[in-house]
Amino acid sequence: MPSTLRGNMDIFEAIEKRRSIRNYQDRDVEEEKIIKILEAARAAPSASNRQEWRFIVVRDKEVRKKLCKAAKGQKFVQEAPVVIACCAETDNHTMSCGQLCYPIDVAISIDHMTLAAVQLGLGTCWVGAFYEEQVKKVIDLGPQTNQGLEETRRLQKELNDEIKKAEEERDAEREKGILGNKVLINQLEGRISGYKNIKKELSDLGYINEEDAREAEAAKKAQFKSDSEAIKRKEAEIKDELKRIKSIRDARVREAEERAKLERDAAQTVEERAQVEINLINSIRTRKMEKKENL
Ligand SMILES: Cc1cc2nc3c(=O)[nH]c(=O)nc-3n(C[C@H](O)[C@H](O)[C@H](O)COP(=O)(O)O)c2cc1C
């Protein structure tokens, strides 16, 4: 939707100029201005972009009177030509920080509205002092709000019905498609078997025309192709199996070789130790002999 938010006022100017206004001129506010104000609210940020805010524009004098009562008798509520009741569609979503989304989101959108009103030359005032249950009752009874709500519900229902109808039509189309394909397959199968019968009759009569011969050749080729593919697949399976067997065998050979090496190393160690002992005995023997000779 293209934005209708245009103006020449500096945002800082609007922020600075805004004041809570509780005295109003006795005249209506133009429809375009109200739309612009709502548009400013719609453009506000909201947690997870939920935009759960909802605004009920009250212009009806009687409803404003009731709202004034629900707002603890604050006179300016009924004197204002327009009261915008701000609420939320859901009130149970919290952010990870633990704060509820809706009071923050709605508050931001209200602030957008108050600033937009400055730009449009209108005065506003927040109203936080009111009895919620009473306001709810008044709003529900309000002719404008009920009308709006009912219209929204009606449109929503219409839309849902249309979607449902479109979905049902699409499903029926699909089923029809599947059914159509099945019929086609049956027809084809019938044709093929009929054709086969004719072919058999022709060949029984010893007659086969060129087209039949070409077809027979093509069928043979197709069969050959599918056989070759099956053979290729089998070959690949065998190749994989051989690879697997070879790798098991290689692992076993490696294991046997390692074990043999370990045994060889161990034997070598025993041999070396024996040699050391022999050398020792020999040297003792030599020393004994030398001693004997010296005596
Ligand atoms: C959440 C909120 C609730 C308020 N409720 C009321 C209210 O019930 N009645 C009223 O006269 N002003 C109300 N105000 C207006 C404040 O009194 C006003 O913003 C404040 O005194 C500062 O004045 P200013 O808005 O002119 O800067 C409310 C303002 C906020 C932000």
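The values are calculated or read from the model by the stated rules, or taken from the named source; none is laboratory data. Predicted model, so just to flag it, every value in this text is computed and none were measured. Cβ: placed from backbone, ideal geometry, glycine included. Neighbour counts: every protein chain shown.
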Tell me, yes or no, whether the range 106-118 has at least one residue that is at negative phi and at pLDDT below 95.
-> no
Of (1) within 12 Å of the ligand (Cβ to nearest atom); (2) more than 34 Å from the chain's Cα centre (by Cα), ILE108 satisfies all except one. Which?
-> (2)
Filtering the range 86-144 down to residues that are closer than 17 Å to ALA71 by Cβ and aromatic (Phe, Trp, Tyr) yields TRP126, PHE130, TYR131
Of (1) touching a residue at least 12 places away in the same chain (Cβ under 8 Å); (2) under 36 Å from the mean Cα position of the chain (by Cα), ASN49 satisfies every one except (1)
Look through the range 1-57, keep the residues that are crowded, with 16+ Cβ neighbours inside 10 Å, among the small types (Gly, Ala, Ser) and within 16 Å of the ligand (Cβ to nearest atom), and return whichever of them is nearest to ASP140 (Cα to Cα).
-> ALA41
Between residues in the range 10-22 that are within 8 Å of GLY123 (Cα to Cα) and among the polar types (S, T, N, Q) and residues that are more than 8 Å from the ligand (Cβ to nearest atom) and not in a helix (DSSP H, G or I), which pairs lie under 8 Å by C-beta distance while being six or more apart or on different chains?
-> SER20/THR124
Across (1) part of a helix (DSSP H, G or I); (2) surrounded by 17 or more Cβ atoms within 10 Å (Cβ to Cβ); (3) not basic (Lys, Arg), ALA85 clears everything bar (1)
Pair list, Cβ < 9 Å and 6+ apart or interchain, from the range 111-139 residues that are assigned by TED's automatic domain parsing to the domain that holds ILE84 and more than 14 Å from PHE76 (Cβ to Cβ) to residues that are of a type in the set (Ser, Thr, Tyr) and within 12 Å of the ligand (Cβ to nearest atom) | MET113/THR124; THR114/SER20; THR114/THR124; ALA117/THR124; VAL118/THR124
